[in-house]
1. Find the eigenvalues of the gyration tensor of the Cα atoms of segment 212-258, then list the square roots of 5 times those eigenvalues as equivalent ellipsoid semi-axes, largest first, in whole angstrom.
2. Among D219, D176, what is the fewest-to-most ranking by other Cβ atoms within 10 Å?
3. Rank by packing, highest mean first: peptides 115-122, 329-336, with packing defined as the count of other Cβ atoms within 10 Å averaged across residues.
4. Could you list K123, K182 so that the one with the fewest beta carbons within 10 Å of its beta carbon is first and the one with the most is last?
5. Name the trypsin sites (Lys or Arg not before Pro) in segment 31-70 that are in a loop by DSSP and that have at most 12 other C-beta atoms within 10 Å, would you?
6. What are the GluC sites (Glu not before Pro) within segment 38-98 that DSSP puts in a loop, where the Cβ has at most 11 other Cβ atoms within 10 Å?
7. Determine the distance separating the Cα centre of segment 161-181 from the Cα centre of segment 70-85; give it in Å without decimals.
8. Which order do W378, W307, W316 fall in if you start with the one that has the fewest other Cβ atoms within 10 Å?
Amino acid sequence: MNILKRILGQKEERAACPSWDALSGMNTGTGRVVNSRIAENLSTVLACVQAISTSISSLPAYIYRRDGKNRIEAPEHPLAGLIQNGPNERQTWPDFIEFVIASALLRGNALAEIVTDRAGRLKALKPIPWEWVSVQMLPTGRLVYDVTEITSIYGGNGRMRRLLEGEVLHLRDRTDDTLLGKSRLQRAASVVSAGLSVQEFAESMYRNGATPSGSLETDAKLADEAYKRLHKQFQDAYTGPQNARKVMLLDQGLHWKQISVSPEDAELLASRRFTAEELARIFQVPPPMVGIWDHSTFTNSETAGKWFATFTIGPWCRKLEAEFSRAVFSEMDRAAYQVEFDLSGFLRGDHGARWQGHEIAVKNGILSPNEVREAEGWNPRPGGDEFASQKGVEPAA
């Protein structure tokens, strides 16, 4: 039957699976359909995606060639050229990595076309928005990606074109079927829906609510004319930013009564704080990294930064490295080359920790002074290639 369909030019049918359904949106079970663009209206979702994607895109990336037990930087590799000069004519390397990571976080999948020259050498990497993609499985078990570019900086014409599995770089979030990643926003769709509901309720309350900050009270009965005159005088004297914090003068037995936040409003604020923490938990981002400073101190915020680098950024970098090795390198290159995202870039802003690490590395003969100078972006100096042990300094125990 599949052979007949291919002869007649009919598309392969795909089995119903939650991962495939994730392409268009997610139903939370409450009737609300949430997609990635709607979810980013929540500031915590936007902040988490930005924190992870921009952090990884700012890391230095290197191509190394294995030489026995040694590793040698390989600037001659085509991928090294894309890292240096940009993966395509429209993006820098940080822009490209930021796009790929953000797409994987929000949609569970990120796709980029691998462009080669006639000799099969890597020429460019062109990102493809996941909304343009329809994934099919061939009878052989291989995936194909049908891309319909409705509008594109590369000249989208609305016609579908098919990319084979070996022609794309496909980064996945955690998958349930080994084929497609599943967005963590879909896995926790009810949390996202609740956050949007709370946000919509707060917006509606502030837009339509009639809760003043205080009231003027008196035991006397005011005539209509006196009421209108008092209202106008009070509005002119005490409302608006130019009249903020002015001294209030009251006569005729008038008293000012402050109206505090109602228990319902206080509960709303607490719900928004809790939802923000839940969303940060979904992305494994420590709250201080996205501006949630409740119960934070300088010490635990610094620890949160290290935790973020180790348990959030580190795993995504490893995913990227493995996918580049699988998709971009040929079988021959895979045995000889590797790509590495240098997580030591996170120490660039911590001068004390960075130089303390350099000092330990030099004293123990791990790095030479010139290697430290190279890491700091400085030119080598004469005699700087010698290790501490070569100068008669015994390494520390």
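Every number here is computed from the coordinates shown, using simple stated rules; none is lab data. A quick note: this is a predicted structure, and the numbers were derived from the prediction, not measured. Counting neighbours? That spans all protein chains shown, and the Cβs are built from the backbone with ideal geometry, glycine included.
1. They are 19, 13, 9 Å, listed from largest to smallest.
2. Working: D219 7, D176 12.
Ascending Cβ contact count within 10 Å gives the list D219, D176.
3. Working: 115-122: 10.5, 329-336: 12.4.
Going from most to least packed, we get 329-336, 115-122.
4. So the ranking, lowest neighbour count to highest, is K123, K182.
5. On the way: sites: R32, R37, R65, R66, K69; in loops: R32, K69.
Listed in order of number, the matching sites are K69.
6. Filter output for segment 38-98: E76, E89.
7. Computed from Cα coordinates, the inter-centre distance equals 25 Å.
8. Neighbour counts put them in this order, fewest first: W378, W307, W316.
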